[in-house]
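Since the structure comes first, as structure tokens, the remarks are kept for the end.
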Amino acid sequence: MNNIKNNYLVSVIIPTHNGKKMGGGLKDAIDSIINQSMGFENIELIIVDDASDDKITPELILEYQSQYPDNIKPIFLDENSGYPGKPRNIGLDHVTSKYVLFLDHDDCYIENGIETLYNAIIKYNSDVIIANHYNKLNGEKILHMKHLKEDIININPLDSQNNFDLLNKYCSGVVWGKIWKTDFIVKNKLKFIENSYNDDGIFYIDVLKHSPQITILPNNVVYIYNVYQQSSCRTHNMDLFNDSIYVTLTRMEHLNDLNFNLDTIFNGLNSLFIIFSNLNSDDKKKAVLKIYKLEKYLEKKFNFKIQPERKEMNILNKAIMQKKFQKAIFISNIYKKLYNSLFIKKLFYKFYLK
């Protein structure tokens, strides 16, 4: 990132590993960048393959690179890191434009999405521009931010508790669907952690700590996030559960010096309870005690008490904190059936989220 040039208006980084597994996968992601309204000649596309072993993914990348040698820059890692953080960091090291975007290999940008983000960051000169996105579930696109009436919101999240809450309540702590000043990332030495599935969640926290100027575009949809019933990168197992525990502690450590109420950024640890509910019975016996110890630790060290905002999560959490572990596991088994119902999932994305 030390050689910022003007050859491209923006750079897009796609980390991938066995990118053909989900839906249209990597091909659809790449096509969504090639077909951008701002013109692909203005885009530097950096694809970092995290040592795919399916053979199809590297071949697909090289095929596209042969068609667009001036724009597509493939990077092939020798060993699989297991997480998206390392490929994203390596991608950042190769960025040569003033602005950078991220794209997951099973999602896509809407045709005018990058142009919308680029025009906004030029106009408002913000460090980060955040736009709206669709959650796509079983072919149905469901809008993410639904209740913000303003067309444009310019804020520094650290100016007030209200700004901090506004940003964290409505804007996902992910790196995609946003455009970033490359200089802002370089100047503040921002890097993704490389040992977690939630690397962008920690990155987002580190961004907040550097008091950025952020512009939110609630009425501009730029990205489609695919929600899959089954996904290798979203499998709810003990690895993901332990990672969620680690991320919670890391985020708290990173935020500890901020003088804000942190409820909106943790959202009652909803994701942790969802992962817990989807574990098998044997794993739940170990995991339920870990949740209890985590909450006791957060309360003692940081004076932070988890208060799930969703009623069913509150019931589950109450049972855990009363040390009624068998009851908590029984409740979680009921939730497991509910959470894996496509009908319930659609209701959640339509009426609960935002």
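Considering region 59-73, and only residues there that are within 17 Å of Asn42 (Cα to Cα) and of a type outside the set (S, T, N, Q), the residue that is surrounded by the fewest Cβ atoms within 10 Å (Cβ to Cβ) turns out to be Pro69. For region 108-121, the count of residues that are of a type in the set (Val, Ile, Thr), touching a Pro at 6+ places or on another chain (Cβ under 9 Å) and part of a helix (DSSP H, G or I) is zero. Residues in region 301-335 that are free of Cβ contacts under 8 Å to residues at least 12 places away in the same chain, under 18 Å from Asp282 (Cα atoms) and outside any helix (DSSP H, G or I): 1 in all.
When Asp257, Asp199 are screened for being among the acidic types (Asp, Glu), at pLDDT 90 or above and at negative phi, only Asp199 passes.
The values are calculated or read from the model by the stated rules, or taken from the named source; none is laboratory data. The model shown is predicted, which means the values in this text are computed figures rather than measured ones. Positions of Cβ are generated from backbone atoms using ideal geometry, with glycine treated the same way; all protein chains shown enter the neighbour counts.
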